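Down below is the structure, laid out as structure tokens.
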Amino acid sequence: MNLCVQLASQNRRGLLLANPVMTASGTCGYADGESCLYDIQRLGAVVCKGTTLESREGNIQPRIAENNGGMLNAVGLQNIGVDALIREKAPVWNKWKVPVIVNIAGATIKEYVEIAARLEGVAGVSALEVNISCPNVKAGGAEFGACAASAAGVTAAVRKTTTLPMLVKLTPDAGDIIGVAKAVAAAGADAVSLINTLKAMAIDIEKRKPILGNITGGLSGPAIKPVALAMVYEVAGAVDIPVVGCGGITTAADALEFIMAGATAVQVGTAALVNPRAPLDILEGIESFMTEKGVNDINQLIGAARC
Ligand SMILES: Cc1cc2nc3c(=O)[nH]c(=O)nc-3n(C[C@H](O)[C@H](O)[C@H](O)COP(=O)(O)O)c2cc1C
């Protein structure tokens, strides 16, 4: 049975995954030490926590709130910073067979470029995922991914800096996610991943206050799955580069829906916070489905439900 998928065929290095199941950024840390309770090497790829130029403490507590069908988070990119990642994490990843994709985040284009420059040529780093859901401080705090022009600006700048395969992670809070996807594809992205969390909030009615210290946060989990699926379907129909589907994927059936909508690979986030083995369970479920249906190549399922 062939489960291999290619996410960066135009890139000299390529990004060949042994199977289409990846972790989603921020939901398995750096996948080292005790943050992972199963053999992470069996996955197609690992995406690490969003990485900034300097280390960050993240937002004030509370940062998490449960919600029917999902959760809200306002962790705020708590991370060790790119230099510590290069020193402490990349040497560990370099011994792995599973490719590790570093999710990068910045407040200015210059910051994204500097992080990409430092990651260039670092053994153990197989690709970048550019998180454009970050506020652009030079544009009054609007997210880079909110409009096509600013999304293309950051993509083109990182493209010039890195020879690594580059995924650009889209925000569902963009007014026109299809326009943004087309713009980042034209600016040199090898693939797009979508979706990041949706802006959301919750209120404690006893205290008459927002629950999250940051007031608003990002909604993830099963509640966003139908929204993510529709966006993946539409974006996959609009761009010629691979699409990585993400958002509420909890079961193999969910993952197969995204693949049939046109996703070449999938990322599993919140589900792994509930069941740490979820990415592996999903992979095994995809294999069982293929065996049961007599499908011998995952590529036969990509886009199978497209009209
Ligand atoms: C606790 C938490 C932290 C996250 N941190 C990041 C991050 O650092 N960078 C990023 O691009 N996305 C981050 N995300 C978004 C996820 O990678 C994913 O896009 C989103 O949660 C939707 O997928 P899911 O419903 O499977 O969780 C985070 C999500 C959660 C729940």
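Could you give me the residue pairs with C-beta distances under 6 Å whose first residue belongs to region 184-206 and is farther than 16 Å from Val244 by Cα, whose second residue is part of a strand (DSSP E or B) and within 12 Å of the ligand (Cβ to nearest atom) wherever it lies, and which are 6+ apart or on separate chains?
These pairs meet every condition: Leu198/Leu219; Ala200/Leu72; Ala200/Leu219; Ala202/Ala65; Ala202/Leu72.
The rows are residues; the columns are (1) among the basic types (Lys, Arg); (2) in contact (Cβ under 8 Å) with a residue 60 or more places away in the chain; (3) touching a strand residue (DSSP E or B) at 6+ places or on another chain (Cβ under 9 Å); (4) away from the ligand (no atom under 13 Å from the Cβ).
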position: Val5; (1), (2), (3), (4): no, yes, yes, yes
position: Leu15; (1), (2), (3), (4): no, yes, yes, yes
position: Asn19; (1), (2), (3), (4): no, yes, yes, yes
position: Ala24; (1), (2), (3), (4): no, yes, yes, no
position: Asp39; (1), (2), (3), (4): no, yes, no, yes
position: Leu43; (1), (2), (3), (4): no, yes, yes, yes
position: Gly50; (1), (2), (3), (4): no, yes, yes, no
position: Ser55; (1), (2), (3), (4): no, no, yes, yes
position: Ile60; (1), (2), (3), (4): no, yes, no, yes
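What is the residue count in region 265-290 for residues that are among the polar types (S, T, N, Q), out of contact with any Asp or Glu (no Cβ under 9 Å at 6 or more places or on another chain) and either surrounded by fewer than 17 Cβ atoms within 10 Å (Cβ to Cβ) or at positive phi (or both)?
1
Which members of region 1-51 meet the condition of being in contact with a Phe, Trp or Tyr (Cβ under 7 Å, 6 or more places away or on another chain) and in a loop (DSSP other than H, G, I, E, B)?
Within region 1-51, Cys48, Lys49 qualify.
Condition first: assigned to a loop (DSSP other than H, G, I, E, B) and over 14 Å from the mean Cα position of the chain (by Cα). Can you find one or more residues in region 191-199 that meet it?
No, region 191-199 has no match at all.
Can Gly248 be described as touching a residue at least 60 places away in the same chain (Cβ under 8 Å) and touching a Lys or Arg at 6+ places or on another chain (Cβ under 6 Å)?
yes
Restricting attention to region 45-73, which residues are under 20 Å from Pro279 (Cα atoms) and under 13 Å from the mean Cα position of the chain (by Cα)?
Within region 45-73, Ala45, Val46, Val47, Cys48, Lys49, Gly50 meet the criteria.
Here are some residues: Phe258, Phe289. Which one is of a type in the set (Phe, Trp, Tyr), under 16 Å from the mean Cα position of the chain (by Cα) and at pLDDT 95 or above?
So the residue among Phe258, Phe289 that is of a type in the set (Phe, Trp, Tyr), under 16 Å from the mean Cα position of the chain (by Cα) and at pLDDT 95 or above is Phe258.
In contact with a helix residue (DSSP H, G or I) (Cβ under 9 Å, 6 or more places away or on another chain) and crowded, with 24+ Cβ neighbours inside 10 Å, is that true of Ala189?
Spelling it out, Ala189 is indeed in contact with a helix residue (DSSP H, G or I) (Cβ under 9 Å, 6 or more places away or on another chain) and crowded, with 24+ Cβ neighbours inside 10 Å.
Tell me whether region 193-207 contains one or more residues that are under 29 Å from Trp96 (Cα atoms), out of contact with any Leu (no Cβ under 6 Å at 6 or more places or on another chain), modelled with pLDDT of 95 or more and away from the ligand (no atom under 16 Å from the Cβ).
Scanning region 193-207, I find no residue that is under 29 Å from Trp96 (Cα atoms), out of contact with any Leu (no Cβ under 6 Å at 6 or more places or on another chain), modelled with pLDDT of 95 or more and away from the ligand (no atom under 16 Å from the Cβ), so the answer is no.
Yes/no matrix, rows are residues, columns are (1) buried (at least 22 other Cβ atoms within 10 Å of the Cβ); (2) of a type in the set (S, T, N, Q); (3) touching an Asp or Glu at 6+ places or on another chain (Cβ under 9 Å):
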residue	(1), (2), (3)
Ala223	no, no, no
Val227	no, no, no
Ala236	yes, no, no
Val243	yes, no, no
Ile249	yes, no, yes
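Pairs, please: C-beta under 8 Å, at least 6 apart or cross-chain, first residue closer than 17 Å to Cys28 by Cα and touching a residue at least 60 places away in the same chain (Cβ under 8 Å) and in region 259-283, second more than 15 Å from the ligand (Cβ to nearest atom) and among the hydroxyl-bearing types (Ser, Thr, Tyr)?
Pro276/Tyr38; Arg277/Tyr38; Leu280/Tyr38
Condition check ((1) over 15 Å from Ile101 (Cα atoms); (2) surrounded by 15 or more Cβ atoms within 10 Å (Cβ to Cβ); (3) basic (Lys, Arg)) across all residues:
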{"position": "Thr23", "(1), (2), (3)": "no, yes, no"}
{"position": "Tyr30", "(1), (2), (3)": "no, yes, no"}
{"position": "Gln41", "(1), (2), (3)": "no, no, no"}
{"position": "Gln61", "(1), (2), (3)": "yes, no, no"}
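The values are calculated or read from the model by the stated rules, or taken from the named source; none is laboratory data. Please read these numbers as outputs of a predicted model, since none were measured by experiment. So basically every Cβ, Gly included, is an ideal-geometry build from the backbone, and we count neighbours across all protein chains shown.
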